[in-house]
Every structure is written in structure tokens, then in C-alpha cells.
Amino acid sequence: MKSLRYLVLNSLLLVLMMTSLSVSSVSACVGKTLVVGALDDPQQQVLAEMLSVLISERTGTTVKVVPIKGHAEAHDAMIRAELDMYIEYTGVGQVTILKDQPIADSDELYKAVKERYNQELNLIWLKPFGFSDARYAPEGTVAVAAPVVRKDTLKKFPALARLINKLGGAIDDSTMKELEVASAAGNPRDVARKFLKEKRFI
């Protein structure tokens, strides 16, 4: 009887500990505001809103999507800590931002950009969404889109990288085209939320 009582107590303690851990990981972002930059373009708008909805609904964090004029302006705003994250394309990062040579292989390009951004700029490339867009590919390179986040933002929001990386590989070329058309014709936030619900991210 005594051993049974200990067993029940230990089980209850284990459940309480697990609940506490899961709550703390989710609530780690609550009470803070994240700023996501988006170019005036249906693709950028729907992807930024996708990040906003995913983060706010899964963590309770307030997320603000703000307009940015271009890639260089977005990068500068990240360096000045005016943005926490935005969507960038590997080819643009390599050639336009880093002023480096084009790399034709998508995996090698992503690896090179990710490493230099991390080491030199304290910016982190998260997992690519899964599509490529030739409009954002400088000559001799490719354009895989991915969220770029400030390193200190990830330290303040410990659950963020793991959450956003769930979108890695989730959007292929045809899906992105459908999202763009819907975003251009309607409300990007509604389009983003519908996609996230259909794919059971929220």
C-alpha cells in the first residue's frame, strides 16, 4: 500500500514537471513583440503573415509586420535591430548583400550564405521554405527563400527557431504560386492562416 502511494505521487510529480516544461517553452515568448519585415510583393506579404500568424497563435507573442522598400534596406534594418526577421533569398544574400561570387548549386549556396551571415553578421538563416523563385536569382545563382533572424532575437525567444523551422520544405513551387495569386487577390493574412490550418501548423 505504501509503495503504491509512492508510485502514484511520483507519477503525479512527473506529470506536473512535464506540464511545467511544455508551458515554459511556449510562454517563453509571451509579453514581447517581434517585428517582421515584408517587401511590397504578394509573395513576401503572405510569407511574412505566415510567420506572424504561426508565432502569435502558437506562442502568444505579439508580431508586427512592417513594410520594407528592398533587400538592402531590409538587411540594414536587421543590422540596426529595427527588424527581428524577414524573408530573404539565398542568391540575393550571396551576391547583393555579401557581394560574393554566384553559386549555382542550391545546397552549396545555402550553406555558404548561412555560414557567412552567422559568423560575420550575427544573422541566422533558418530552413528554406522549399520553393525557388527565378525573379530573385542574380545571374549565375539560384533563389531559395528562407527566414533570416537576428541571433539576439533567437536568444530572447528560445522557442522561435524550432517553431519556424516547421515550415522548412513545406511550400513547393506550385503551392507558392497558388498562395501568391490568393494573396494578390485578397488578404495575405487570411491566406496565410488558411494555409497554416490546412497543413495543421496551427
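The values are calculated or read from the model by the stated rules, or taken from the named source; none is laboratory data. Computed from a prediction, not measured in an experiment: that's the story for all the values here. No Cβ is skipped: glycine too gets one built from the backbone with ideal geometry, and neighbour counts run over all protein chains shown.
Numbers below:
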| item | result |
| --- | --- |
| Sole residue being among the basic types (K, R) and more than 19 Å from the chain's Cα centre (by Cα), chosen from K156, K99 | K99 |
| Boolean, V46 is in a helix (DSSP H, G or I) and at pLDDT 95 or above | yes |
| Every pair of residues 6+ apart whose Cβ atoms lie under 6 Å, when the first sits in region 136-162 and is closer than 19 Å to M50 by Cα and at pLDDT below 95 while the second is surrounded by 15 or more Cβ atoms within 10 Å (Cβ to Cβ) and of a type in the set (V, I, T) | V144/T90 |
| Residue that is charged (D, E, K, R) and within 22 Å of L47 (Cα to Cα), where the choices are D100, D107 | D107 |
| Lone qualifier among A184, A112 - being within 23 Å of G70 (Cα to Cα) and surrounded by fewer than 17 Cβ atoms within 10 Å (Cβ to Cβ) | A184 |
| Within region 178-192, considering residues that are farther than 18 Å from E57 by Cβ and over 19 Å from the mean Cα position of the chain (by Cα), the one modelled with the lowest pLDDT | G186 |
| Near pairs, Cβ below 7 angstrom, 6+ apart or cross-chain, from region 182-193 (in contact (Cβ under 8 Å) with a residue 40 or more places away in the chain and under 13 Å from L54 (Cβ atoms)) to any residue that is of a type in the set (A, V, I, L, M) and surrounded by 14 or more Cβ atoms within 10 Å (Cβ to Cβ) | R189/V53; A192/V46; A192/M50; A192/V53; R193/V53 |
| S56 among the hydroxyl-bearing types (S, T, Y) and at pLDDT below 50 | no |
| All positions within region 101-138 that are among the charged types (D, E, K, R) and out of contact with any Ser or Thr (no Cβ under 9 Å at 6 or more places or on another chain) | D105, D107, E108, K111, E115, R116, E120, K127, D133, R135 |
| Residue within region 92-107 that is acidic (D, E) and crowded, with 20+ Cβ neighbours inside 10 Å present | no |
| Residue under evaluation T96, criteria (1) touching a His at 6+ places or on another chain (Cβ under 7 Å); (2) of a type outside the set (F, W, Y); (3) closer than 14 Å to P128 by Cα, criterion not met | (3) |
